[in-house]
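Enquirer: One structure follows; several queries about it will come next.
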Amino acid sequence: PGKPQALFSLPAPRWPVECEVIQETIEHIEWVPPEPEPFCPPMGPEQAPDTLSEEQGTVVYHSSPVLQGSCFTCARVGGAPGPLSSPAAPLKSPQDTTLLFESRFESGNLQKVIKVGPYEYVLMLRPDLYTAKHTQWFYFRVQNTRREPLYRFTIANMAKPKSLYGQGLRPLLYSQQDAQSHGIGWRRVGTDVCYYCGSAGEPPVFRLSWTVRFPHDNDTCFFAACYPYTYSDLQRYVRALVADPARSRYCAVRALCRSLAGNTVYLLTITGPGSADGKRVVVASARVHPGESGSSWAMKGFLDFLLSAHADAQLLRRLFVFKVVPMLNPDGVVVGNSRCSLAGRDPNRAYGTALPGSFPGVWHLRAMVQRVLAEREVVLYCDFHGHSRKNNVFMYGCDAGGDGTRTRLRQRVFPLMLSKNAPDKFSFASCKFQVQKSKEGTGRVSMWRLGVSHSYTLEVAFSGSTLGGRSSHFSVEDLESLGRLLCDTLLDFCDPAPAKLQQCLAEADALLQQQMGREPGSGGSWNDVSPSELESSTSGSDSSVSDG
């Protein structure tokens, strides 16, 4: 940072050659609803709608999938060469009210649509490329809308047995007409939202169903599982950053590595002017799981604040060197995967065994942290994620049980401080610190094993908050504010005056005493108490049931 950077060109995203890609550029305006958008009353599985069987319907969209069982070979800008196919069935006449579907754009995911009634459609998502599973993220376009009828959409191949759609989460809709005429962006829509078991086969599949009225006739609309944030969005952000004479003085943008498809994995180094000698390091990453787009908005808020002129941001840059990888899995984001990279596996289970040729992003991130640790202390690692089954924001930390009482309590201090700074969003009660064997390959545990004593996964619900009197969805503004709150918490955590730390240590101790059924203030050591005894054995991370 501080050295002039050449304005580098940002090439268009590279796609596997099997993927067809439409030429249109898809961009959305940012917008914050004037009022928080409440959760909808959840419907139980017994209220699941009677959907006509797909066999009785008509296929109106089918984007031919990559052959399952195949593997990634090569990529090019624009994906498949040659003329595009026509996956959508053509309209029979101007009076034909059939919706026109499309998903062959960046981060899009929709494989097949069957029309089973005049205004009713059954949808199939495309599994992560080169796998047969991980169907969760959706993002697609519909045209030829009508304002009056009530439409029903049913996604028939969701992978997870539980979902926040069963607790009031609603899908997102974007209307091009509303964006152009009224400046309205993504908003929550849907009535009769229901998540239920669709078939008892092996593995069982689950259905997400909702009804909706479109705001306009003949509109172009989009549906999405969460606010999309594409690789091109990140490139636009990076381009603006490099072109800004003020911010680029203390932020260097480099390539950490290239992905399997040849997309750049960006590394941002942020620190104040002058020597970095003696400064401790903070490492942050996001979007190892491409379907967790909320994590990119939280990361954007983190970077916006850190690169701002705010006095606290200046202090943070004076105290620390920040190493930030905002998008670890750009290939997965480009093709609209939920969980995997083009290696067909979850990169956040590959840190321990990753080869640079198979998982370049996580391999080079881990190698960079190793190099940094040889020279200075890494005070914090935070990996930003999204969660599809639990409300609110929370963290996973690392307590293996072998350390002394103070070390184990200190693991809980940063999340506890964050819960005080974000009482209407962050749930300390939802945080977990157990290091399960199945999580050894994650970024959080891998960095902790390298010697980063405070290593966390930040989980941001796909839905919203049930805290502080709220029962409403997160807006983009809510997600971005998490980044600023994380910065506030870092200053509290590293405050040279010990009062805040001592208070939180005492509070963490009292909470654990309460959890164990001990009398508050009774003292006693935690050395002999295993992490599994300190928290319930409910499953932690948002792993798919079929991770394998």
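The values are calculated or read from the model by the stated rules, or taken from the named source; none is laboratory data. The model shown is predicted, which means the values in this text are computed figures rather than measured ones. Cβ placement follows ideal geometry from the backbone for every residue including glycine, while neighbour counts extend to all protein chains displayed. When the accessible area is computed, the model is the full protein with side chains, heavy atoms only, and any ligands, DNA or RNA have been set aside. Shrake-Rupley method; radii C 1.70, N 1.55, O 1.52, S 1.80 Å.
Enquirer: Using 0.36 nm per residue of separation minus the Cα-Cα distance, give me the extension gain between Gln370 and Val32 in nm, one decimal.
Expert: 117.7 nm
Enquirer: May I ask for the angle, rounded to the nearest 10°, between helix 499-515 and the longest principal axis of the chain, with both axes built from Cα atoms and the value confined to 0 to 90°?
Expert: Between helix and principal axis, roughly 70 degrees.
Enquirer: I'm spelling it out carefully: the read-out is Cα Rg over 2.2 N^0.38 Å, the candidates are [x] 1.02; [y] 1.15; [z] 0.98, and one was derived from this structure. Which label?
Expert: Of the listed options [x] 1.02; [y] 1.15; [z] 0.98, [z] comes from this structure.
Enquirer: Where a Cα-Cα gap under 18 Å defines reach, which lysines qualify for Lys432, not counting those fewer than 8 residues away within the same chain?
Expert: Straight-distance partners of Lys432: Lys390, Lys420.
Enquirer: If you fit an axis through the alpha-carbon atoms of helix 294-306 and take the longest principal axis of the Cα set of the chain, what angle between them do you get, 0 to 90°, nearest 10?
Expert: The two axes meet at around 50 degrees.
Enquirer: When the accessible area of the range 152-254 is computed with all protein chains present and a 1.4 Å probe, what percentage of it is carbon and sulfur?
Expert: 49
Enquirer: OK, next. Ranked by accessible surface with a 1.4 Å probe, highest first, in what order do His134, His216 come?
Expert: Ranked list, largest accessible area first: His216, His134.
Enquirer: Accessible area per residue, 1.4 Å probe, Å², for the range 108-182: what's the number?
Expert: Value returned for the range 108-182: 31 Å² of accessible area per residue.
Enquirer: Given the Cα-Cα distance of Ser530 and His310 and 0.36 nm per residue of separation, how much length would full extension add, in nm?
Expert: Extra length from Ser530 to His310 when fully extended: 74.9 nm.
Enquirer: Between the range 213-285 and the range 376-396, what is the separation of their alpha carbon centroids in Å?
Expert: Using only Cα atoms, the two centres lie 18 Å from each other.
Enquirer: At 1.4 Å probe size, with no ligands or nucleic acids counted, give the accessible surface of Arg484 in Å², nearest ten.
Expert: Arg484 has an accessible surface of roughly 100 Å² with all protein chains in place.
Enquirer: A further question follows. With all protein chains present, calculate the accessible area of Asp331 using a 1.4 Å probe and round the result to the nearest 10 Å².
Expert: 10
Enquirer: Still on this structure, please answer the following. Given labels modelled 7 Å from the Cα in the Cβ direction, how far is it in nm from Ser438 to Gln176?
Expert: 4.3
Enquirer: Shifting gears a bit: If one takes the longest principal axis of the Cα atoms in the chain, at what angle in degrees, from 0 to 90 and to the nearest 10, does the Cα axis of helix 231-243 lie?
Expert: 50
Enquirer: Counting alpha carbon pairs within less than 8 Å and at least 6 residues apart, what relative contact order, in whole percent, applies to the range 49-163?
Expert: This gives 30 percent for the range 49-163.
Enquirer: Something else about it: Please report the net charge: other residues with Cβ closer than 11 Å to the Cβ of Glu507, K and R +1, D and E -1.
Expert: Once positives and negatives cancel, what remains is +2.
Enquirer: OK, next. Sorting Lys425, Lys162, Lys92 by accessible area (1.4 Å probe), largest first, what list results?
Expert: Listed by decreasing accessible area, they come as Lys92, Lys162, Lys425.
Enquirer: Rank these residues by their accessible area, most exposed first, probe 1.4 Å: Arg207, Arg287.
Expert: The residues order as Arg207, Arg287, largest area first.
Enquirer: Okay, next question. Over the range 328-482, give the accessible area per residue in Å² for a 1.4 Å probe, as an integer.
Expert: Result: 30 Å² of accessible area for each residue.
Enquirer: Number of Lys pairs in the range 15-224 with C-alpha atoms less than 21 angstrom apart, excluding same-chain neighbours closer than eight positions?
Expert: The result is 6.
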